[in-house]
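What follows is one structure encoded as structure tokens, with my remarks underneath.
The values are calculated or read from the model by the stated rules, or taken from the named source; none is laboratory data. For clarity, every value in this text was computed on a predicted model and none was experimentally measured. We place every Cβ from the backbone using ideal geometry, glycine too, and count neighbours over all the protein chains shown. Heavy atoms of the whole protein, side chains included, go into the accessibility calculation; ligands, DNA and RNA do not. Shrake-Rupley method; radii C 1.70, N 1.55, O 1.52, S 1.80 Å.
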Amino acid sequence: MTRAFVVVNPAAGGGRTARTWPVIAAELNRVGLTFESAWTTRRGHATDLARRAVGAGWPLVVAVGGDGTLNEVVNGVTDAAGTPLATTGAILTGRGRDARRNLGLAVDWRLGARRLVEGDDVSFDLGAAEWTDGTRRFFVSAAGAGFDAAVARRAASRGGFGTLPYVLALVEGLVAHRPVPMTIQADGGAEEAAPVTMVVVANGAYYGGGMKIAPPADPRDGVLDLVAIGALTRAELLRWLPAVYRGAHLANPKVTLRRARRATIAGPSPIPTHVDGEPTADTPVTFGILARALRLRR
């Protein structure tokens, strides 16, 4: 493939993407990619740009930015039924880069640029979050509700670049932490109610910037891995958070993992949610999996 529309998030990586884009663009030219590009200026802009690119007939739409940028581009190239209307490419320049770990994307952006031209299209599963008002949002790596979503919402409300907004939001979230009453219904089974710290539905093993939240998750197995972290105290949360980077949190008896194709999360009060770390509407929400709905150049 030699033609692409490139969506660039200049704020990704704490502004590093804006500084490195001229070098990346030169490399894309060098490897023989004919492309047009546009920079994002607001949340959701990458989705709009990707939709326009699909409408204009571009066969490949490339995200240059972080996991959030990739999420928005995927939402722009996928129709409401979950059908990919173009191939997605990615040169990940953000901080987390969980999609790189989960989907086998290139670590080095120069190799990533070459793969856009010389690589193959590979199909992966795609997660879908649906709210009762009919809103649907796709996710690549993971989605969830509870503590992590509340932190994502706090960080987004602060604005700014770099890691500082997230660190401040995490500290505030820990101070304010209380387990919340939540109901989980998986694959049409019995509804389970309990106080919970958070629930994560994972398409891949990694999320949150390198946390191995669901070690056995496989983005090509047609199911989600549902991780429920029960009612942890603030002290327990502080002690167990580092273990998630190794996948060792599953040793905690308050943490459970199961596999499901569909899971509905709700509660007596609205609970924040996220998709790929991007804040979304409150519960109730239903998460599902679309087998091989992501067509990725790799």
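Of the residues in segment 245-263, not one is within 26 Å of Gly65 (Cα to Cα), in contact (Cβ under 8 Å) with a residue 12 or more places away in the chain, under 18 Å from the mean Cα position of the chain (by Cα) and buried (at least 18 other Cβ atoms within 10 Å of the Cβ).
Scanning for something assigned to a strand (DSSP E or B) and on the phi < 0 side of the Ramachandran plot, does segment 208-219 turn up at least one residue? Checked segment 208-219: at least one residue is assigned to a strand (DSSP E or B) and on the phi < 0 side of the Ramachandran plot. Whether a residue is open to solvent by 10 Å² or more (accessible area, probe 1.4 Å), within 27 Å of Asp133 (Cα to Cα) and hydrophobic (A, V, I, L, M, F, W, C) was assessed, and Ala266 passes this test. For first residues located in segment 166-193 and closer than 17 Å to Phe147 by Cα and of a type in the set (Asp, Glu), partners that are open to solvent by 70 Å² or more (accessible area, probe 1.4 Å) and not in a strand (DSSP E or B) and lie 6+ apart or on another chain with Cβ distances below 7 Å form the pairs Glu172/Arg154. Would you be able to say whether some residue in segment 158-175 is of a type in the set (A, V, I, L, M, F, W, C) and at pLDDT 95 or above? No; the residues of segment 158-175 include none that is of a type in the set (A, V, I, L, M, F, W, C) and at pLDDT 95 or above. Residues that are outside any strand (DSSP E or B), under 22 Å from Ser157 (Cα atoms) and modelled with pLDDT of 95 or more within segment 259-298 comprise Ser269, Pro270, Ile271, Pro272, Asp276, Ala281, Asp282, Thr283, Pro284, listed in sequence order. Mind listing whichever residues of segment 213-231 are closer than 18 Å to His274 by Cβ and among the charged types (D, E, K, R)? Asp225, the sole residue that qualifies.
Might you check whether a residue that is open to solvent by less than 30 Å² (accessible area, probe 1.4 Å), closer than 21 Å to Tyr207 by Cβ, within 18 Å of the chain's Cα centre (by Cα) and not aromatic (Phe, Trp, Tyr) occurs anywhere in segment 105-112?
In the first step, residues of segment 105-112 are kept if they are open to solvent by less than 30 Å² (accessible area, probe 1.4 Å); the result is 105-106, 112.
Among the residues that remain, those that are also closer than 21 Å to Tyr207 by Cβ are: 105-106, 112.
Subsequent filtering for residues that are within 18 Å of the chain's Cα centre (by Cα) retains 105-106.
With not aromatic (Phe, Trp, Tyr) added as a condition, the list becomes 105-106.
Checked against the condition, which is being open to solvent by less than 30 Å² (accessible area, probe 1.4 Å), closer than 21 Å to Tyr207 by Cβ, within 18 Å of the chain's Cα centre (by Cα) and not aromatic (Phe, Trp, Tyr), segment 105-112 yields at least one hit.
For (1) open to solvent by less than 30 Å² (accessible area, probe 1.4 Å); (2) free of Cβ contacts under 8 Å to residues at least 40 places away in the same chain; (3) assigned to a loop (DSSP other than H, G, I, E, B), each residue gets a yes or a no:
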position	(1), (2), (3)
Phe5	yes, no, no
Thr17	yes, no, no
Asn29	no, yes, no
Arg43	no, no, yes
Arg51	no, yes, no
Val61	yes, no, no
Leu70	yes, no, no
Ala81	no, yes, yes
Thr88	yes, no, no
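Residues that are open to solvent by less than 50 Å² (accessible area, probe 1.4 Å) and either at positive phi or under 25 Å from the mean Cα position of the chain (by Cα) (or both) within segment 180-193 comprise Val180, Met182, Thr183, Ile184, Ala186, listed in sequence order.
Conditions tested, residue by residue: (1) surrounded by fewer than 18 Cβ atoms within 10 Å (Cβ to Cβ); (2) touching a strand residue (DSSP E or B) at 6+ places or on another chain (Cβ under 8 Å).
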site	(1), (2)
Met198	no, yes
Ile213	no, yes
Ala217	no, yes
Leu226	no, yes
Ala231	yes, yes
Ala235	yes, no
